[in-house]
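**Student:** Take a look at this one; I'll ask things after.
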Amino acid sequence: MNGAGYTEETMTNVRAERVREVARLGTRTGRAKAGEFLAEGPQAVREAMRLHLTHLEESKAPVVGALYATEDCLDRYPEFEEMADKAPGLLTRLVSPEVLAAMADTVTPQGIVAVCPIPETSLEALAATRPKLVAVLCRIQDPGNAGTILRAADAAGADALVLTSGSVDIYNPKAVRSTVGSIFHLPIITNADLNEALALFKSQGATVLAADGYGAADLDKLQDVSAARRAGSTAAPEAGQPVLEEPTIWLFGNEGQGLDEAELAGADHRVAVPLYGIAESLNVGTAATVCLYASARAQRRS
């Protein structure tokens, strides 16, 4: 099955240079050299193509550089042909299952991959938008955790994700897969200098909260106070306690070590997620989800 957007000839040579170029995007070195990353599977590619078409309408930079799919995949997901037809100039090729497997990072690929330019943005440009909610990943190294937090940030309506130096490459194929397409939904800053980032956000009036199991502020109590204000309470915020309705930058730390002293020092407040069971702690992805939703709920209902 061939749509107008796809060439008639099917790529079958797994040793072709183009196949090798795409496969190299599975490595950090390959991504850095090409300035591109790989989105695999129908959901990720669908989100990439939706944004690509929007960018074409708005004369913005392309989101997808090339699309490779098996005939079986296009039979199951005909919308990809329709999207390709609306994207003049997009390189689209039919490939054999063997070629697709050679390109993809997964053991059992789902029949379609997109090669995407790594978007360029800056801390200065992000701070200038006066974001209300930002997740900052400090030395988080597991791609699954990074992807989970990005997905949670997207779902909570956050404005951006920032990863400091020493964090995992968010464009790692495993991280991209774990975002389930959310990587295309909000700005991402990588290799950020934490002190520079926090200085910029604070200059725009944002409060920096550190997710810290030993924090003096209790997230549940902060939510209770926020709910009371929404209900009409005129009581002033408790001294020394953060206000969840304010523009907020959340810091989330390394899986094994948490936030170190230097990272904690950059926060205005340290906030603990209370544990009511026997568990020693929460996974950083779970903790980030709870914190981001607490802020999102307070900000949206204020």
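The values are calculated or read from the model by the stated rules, or taken from the named source; none is laboratory data. Computed from a predicted model, the values in this text were never measured in an experiment. We place every Cβ from the backbone using ideal geometry, glycine too, and count neighbours over all the protein chains shown. Surface accessibility is based on the protein's heavy atoms, side chains included, excluding ligands, DNA and RNA. Shrake-Rupley method; radii C 1.70, N 1.55, O 1.52, S 1.80 Å.
**Student:** Are there GluC sites (Glu not before Pro) in region 244-281 that DSSP puts in a loop and that have at most 16 other Cβ atoms within 10 Å, and which ones?
**Tutor:** Passing both the DSSP loop test and the Cβ count: E255, E280.
**Student:** Just to verify a number: FRET efficiency for E124 and A279, C-beta to C-beta distance, R0 = 35 Å, to 0.05?
**Tutor:** E(calc), rounded to 0.05, equals 0.30.
**Student:** In addition: Between their Cα atoms, which of K86/K132; K174/K221; K132/K221; K132/K174; K86/K202; K33/K132 are more than 31 Å away from each other?
**Tutor:** In this structure, K86/K132; K174/K221; K86/K202; K33/K132 lie more than 31 Å apart at Cα.
**Student:** Between A61 and D268, 0.36 nm times their residue separation minus their Cα-Cα distance comes to what?
**Tutor:** Going from the current span to full extension adds 70.8 nm.
**Student:** Can you work out the PRE-style zone for A155? Point 7 Å along Cα to Cβ, and I want the residues of region 28-53 with backbone N under 18 Å.
**Tutor:** Of the residues in region 28-53, 43-44, 47 have backbone N under 18 Å from the label point off A155.
**Student:** Just subtract the alpha-carbon distance of R20 and D260 from 0.36 nm times their residue separation and send over the number in nm, one decimal.
**Tutor:** 82.4 nm
**Student:** Rounded to the nearest 500, what is the chain's calculated 222 nm mean residue ellipticity when only DSSP H runs of at least 4 contribute -39500 (n - 2.57) each, over all residues?
**Tutor:** So the helix-based figure for the chain works out to -11500 deg cm²/dmol.
**Student:** Shape verdict for region 258-302, please, from the Cα gyration tensor: rounded (a/c under 1.5), prolate (a/b greater than b/c) or oblate.
**Tutor:** Oblate, since a/c reaches 1.5 and b/c is not below a/b.
**Student:** Where does each of Y214, Y293, Y68 land when they are ordered by accessible area, with a 1.4 Å probe and the largest first?
**Tutor:** Y214, Y293, Y68
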